[in-house]
Amino acid sequence: MFNEKVEKLSLLLSRFTVFTSPMEPINQVTRPSTRRHGEPEKASADSPDDNPVEKPLSLEAQQREINDSIGVKKKRVKAQGPPNASFWAASHKVESLVLQRAEVVRKISLRDFKGTPSEWENSDAVKSLSQSIKAQETTVKLCKNRKDDMQESKWSRKRFHRASFMQLFTTSKMGLDVSSTGPHPGGEDWLWYPILGTWFDADQVQAAHLFPDMHGQVTMDAIFGKKRPEELFSARNGLLVAQPVERWFDSGKLVITGTKEYRLRIIDPTWEQLDKMISSGYQKTWREIDGKRLEFRTSFRPAARYLYFHYCVQVLRRAWAHNTGGGPLPTLKDEAGKPFWGTPGRYLPKDMLLGLIEALGHEYNGLLKGASWSTACGDENLLLDVASSQIKKWPALKDVGWGADQEEDGSENEDSETDARSGQGIFAMYSKVGIVIQLVKQALSTCNTLFTHQS
């Protein structure tokens, strides 16, 4: 009896399954067609023809969408662990999205510009944006190269460089903020400003880094070699800069050249500010002070190697700024057709300068006049890495609409925003780990060497 009931129940369930098959839903009733012979068939409610054509996203919507994607992919980068091929592959995706966003911002800039396309292309805002886009293109390329290097197991011969590269994405304000580093001698409220050769209120003067502290001491050592004492925060890596000049000090507009007699040179003859007064308290234009000799009241001078680094970064900024339409990069010569920095010296490693020249073009071979033969880390792209990260972090104009300072907006959670406020880039979380790894390996190597000698 029990078996018979089970068989009946199974039969009922099988019939129920047939009626409720996913292929033929039970609630879909087939009705006979009411269409007359020869009459065109009416489109169903679900016909694709009735669906409205999706409108392309606005530029602002594209920008928001890319921001969201950047936030998601940044979290994946952080989850990769120590830097390896997967880490750099994920980083490459993030940097590629940042580049896409920059291109969208460029389109928005052109759309909203009140003037002709030619006027837009020659504006300082677009030149600043072009600098940042070129720097981002370089970062995308270098991330891909590092991913390939990791996959080919070439990274073991660049041990010293790994720790320095981790620090390229840490950030801080440009300048040492003299007013917060201790009292002024004698309690004076005025400081001598050597660039303009006049006195300025102490609150309007900062001690700016020539080699910015955002790159870190390890990176400085990798480029210039180790110095004792360390010079990242020393006076040899600084120069007093007043507010009227500070904004343009790292913008690709001006440089300081020379080794014994320093001079201010304007390297962008199309600069919009060229014939404007520098400040209300200094009644001269930028054009009028082009070639002006810096006036020091003591025997102190900043180190020429750091001035030459600043010079190279400004040359790169200027070249990328004037490459708004693509094609060859413009050369950099003064009115007499000579390089602005004509004094030979041994300031930067030759292989790193060659890496920079490769990005600029052979017309910039004159930069090799400042080449030394030292190869502190064996990575020819380190100087280009540093310059690109600096240009992205500090656009020539701070309101161009994108950049490292804005990457966190709307794309990260509260924890990520806290990281951004503390000046941590997407790679900064690994910097201490990388340095510790290097110290441990160096200690093991030293112990191994001592053990070999003893045996």
Here the net charge surrounding PRO117, from other residues whose Cβ is less than 15 Å away from its Cβ (Lys, Arg +1; Asp, Glu -1), is +2
Rounded to 0.05, the calculated FRET efficiency for the beta carbons of ARG236 and LEU274 at R₀ = 22 Å is 0.10
With a 21 Å threshold on alpha-carbon distance, the violating pairs from LYS369/LYS393; LYS144/LYS226; LYS74/LYS392; LYS75/LYS127; LYS114/LYS253; LYS147/LYS227 are LYS369/LYS393; LYS144/LYS226; LYS75/LYS127; LYS114/LYS253; LYS147/LYS227
Of 192-199, 386-393, ordering from highest average Cβ density within 10 Å down gives 386-393, 192-199
With N residues in segment 212-280, Rg(alpha-carbon) / (2.2 N^0.38 Å) equals 1.38
Nearest-0.05 FRET efficiency for ARG346 and ARG293 at R0 = 22 Å, using Cβ-Cβ distance, is 0.40
Highest mean packing first, using Cβ neighbours within 10 angstrom, the peptides 274-287, 352-365 sort as 352-365, 274-287
Ordering 96-106, 205-215 by per-residue average of other C-beta atoms within 10 angstrom, highest first, gives 205-215, 96-106
If R0 = 51 Å, then HIS362 and VAL72, at their Cβ-Cβ distance, give a FRET efficiency to the nearest 0.05 of 0.80
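Every number here is computed from the coordinates shown, using simple stated rules; none is lab data. This structure is a prediction, so every number in the text was calculated from the model and none was measured. Neighbour counts are summed over all protein chains in view; Cβ atoms, including those assigned to glycine, are modelled from backbone coordinates with ideal geometry.
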